[in-house]
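Participant: My structure is below; once you've seen it, I'll send some questions.
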Amino acid sequence: MSLSALNRSRLGEVSISTLTTVLHRQGVTRVWPSGIRPLSGQQPRMVGEAYTLRFVPMREDASDRATYGSATNLHQRAFEDCPPGHVLVMDARGETRGCSCGDLLVGRLKARGCAGIVTDGGFRDTLDIEALNFPAYQRASVPAPSFGYLQAAEVQVPIGCGDIAVYPGDIVVGDRDGIVVIPAAIADRVAEAAWQQTRYETFAARQVGRGRSIIGLYPPTDAAMAEYRAWEESRHDDA
């Protein structure tokens, strides 16, 4: 099921805090990988379908180091094959002794029109990645190369990133608080509910700013919802 263009746009405007609340109401609670943070507080927000890459621990007899730099190397191929508009999500098993990738591979994703990159490990060349102004999320910066610690094993399979399940095609949204993973089958419904909740919270924030008690305002009572609907209608009348 594809995400509508309208709801993709909405997901670019609602916070992941709101999205986690909406998902909780839908009965889906394990959606926020703890400890994964944006590389830069100034980077753009991120919305896109997950394209997954799974690493395993490197073992000398099965190492792909000899193929690095060739078209057969799975690690590099993932950056060439991740479709435009998608987020490359990497299961690095939390490994921070060797990097998941560096600035050149991230730059390749940006040049190809991808939407972002996520790892539960870390990047090297972080200043150069920041300069790309591209959505990038990691656990910790890792200057050491991946050789000796990480080996790409599979793409486009279910993975665990930060102990959260990510399936190919899930919708990954990122902002300054981190990322949230939305199951593809309910992404449109979640986006619509989050959009409506965000609009209500705008109304509630104005009320709080004027000195109103939070009790009865959030969560909203029927009376508060009636006030909100009247406020929405007045805004439309003024438009």
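Participant: Can you show me the helix-derived [θ] at 222 nm for the chain, built from DSSP H runs with n ≥ 4 at -39,500 (n - 2.57) apiece and divided by the number of residues, rounded to the nearest 500.
Facilitator: -10000 deg cm²/dmol, from helical runs alone.
Participant: Find the all-direction average of the projected area of the Cα convex hull for the chain, expressing the result in square nanometres with one decimal place. It would help to have the intermediate numbers written out before the result.
Facilitator: Working: hull surface 59.1 nm².
For the Cα atoms of the chain, the hull's average projected area reads 14.8 nm².
Participant: For segment 82-224, how big is the tail of P(r) above 20 Å, as a whole percent of Cα pairs?
Facilitator: Tail of P(r) above 20 Å: 57 percent of Cα pairs.
Participant: Between HIS75, HIS24, HIS86, find the one with the highest GNM mean-square fluctuation for the chain; connect C-alpha pairs within less than 10 Å.
Facilitator: Highest fluctuation among the options: HIS24.
Participant: Please give the Cα centre distance for segment 96-165 versus segment 1-55, rounded to the nearest Å.
Facilitator: 17 Å
Participant: How much net charge surrounds ALA184 when only the other residues with a Cβ under 14 Å from the Cβ of ALA184 are counted, with Lys and Arg +1 and Asp and Glu -1? Don't jump to the answer; show the numbers that get you there.
Facilitator: Numbers: positive: ARG8, ARG189; negative: GLU49, ASP170, ASP188.
Result for the neighbourhood of ALA184: -1.
Participant: Right, next: Anyone know which of SER34, SER70, SER146 comes out most mobile in the 10 Å Cα GNM of the chain?
Facilitator: Per the Cα network of the chain with a 10 Å cutoff, SER70 tops the list.
Participant: Using a Gaussian network model of the chain with C-alpha springs under 10 Å, which one of ASP175, ASP128, ASP61 is most mobile by mean-square fluctuation?
Facilitator: ASP61
Participant: So what are the ³J(HN,Hα) numbers for segment 8-15, from phi and the Karplus equation (6.51, -1.76, 1.60; θ = phi - 60°), rounded to whole Hz, Gly and Pro as x?
Facilitator: 4, 5, 4, 5, x, 10, 8, 7
Participant: Something else now. Normalised by the residues of segment 131-239, what does the relative contact order come to in percent, with Cα pairs under 8 Å and at least six apart?
Facilitator: 12 percent
Participant: Now, a different point. When ranked by the protection proxy of mean other Cβ atoms within 10 Å per residue, highest first, what sequence do the peptides 193-203, 41-51 form? It would help to have the intermediate numbers written out before the result.
Facilitator: Details: 193-203: 18.1, 41-51: 19.9.
Most protected by this proxy first, the peptides run 41-51, 193-203.
Participant: Also: In whole percent, what relative contact order does the chain give with Cα contacts below 8 Å and a gap of six or more residues?
Facilitator: 29 percent
Participant: Once phi is turned into θ = phi - 60°, what whole-Hz ³J(HN,Hα) does the Karplus curve with 6.51, -1.76 and 1.60 give for every residue of segment 156-171, x standing for Gly and Pro?
Facilitator: After applying 6.51 cos²θ - 1.76 cosθ + 1.60, I find 6, 10, x, 10, x, 10, x, 6, 10, 5, 10, 9, x, x, 4, 9 Hz.
Participant: Suppose the chain between ALA140 and TRP231 were pulled fully straight at 0.36 nm per residue; how much longer would it get relative to their current alpha carbon spacing?
Facilitator: Numbers: separation 91, 0.36 × 91 = 32.76 nm, distance 4.43 nm.
Length difference between fully extended and current span is 28.3 nm.
Participant: Compute for segment 57-104: radius of gyration divided by Kirkwood radius, i.e. Rg/Rh, restricted to C-alpha atoms, rounded to two decimals.
Facilitator: 0.96
Participant: Along the charge dipole of the chain, which of SER15, VAL106, MET46 sits closest to the positive end, that is, farthest toward it, with unit charges on the beta carbon of Lys, Arg, Asp and Glu (+1, +1, -1, -1)?
Facilitator: It is SER15.
Here, each number is a calculation from the coordinates, and none is a lab measurement. As the structure is a prediction and not an experimental result, all values here were calculated from the model. Ideal geometry is used to build each Cβ from the backbone, glycine not excepted, and the neighbour counts take in all protein chains shown.
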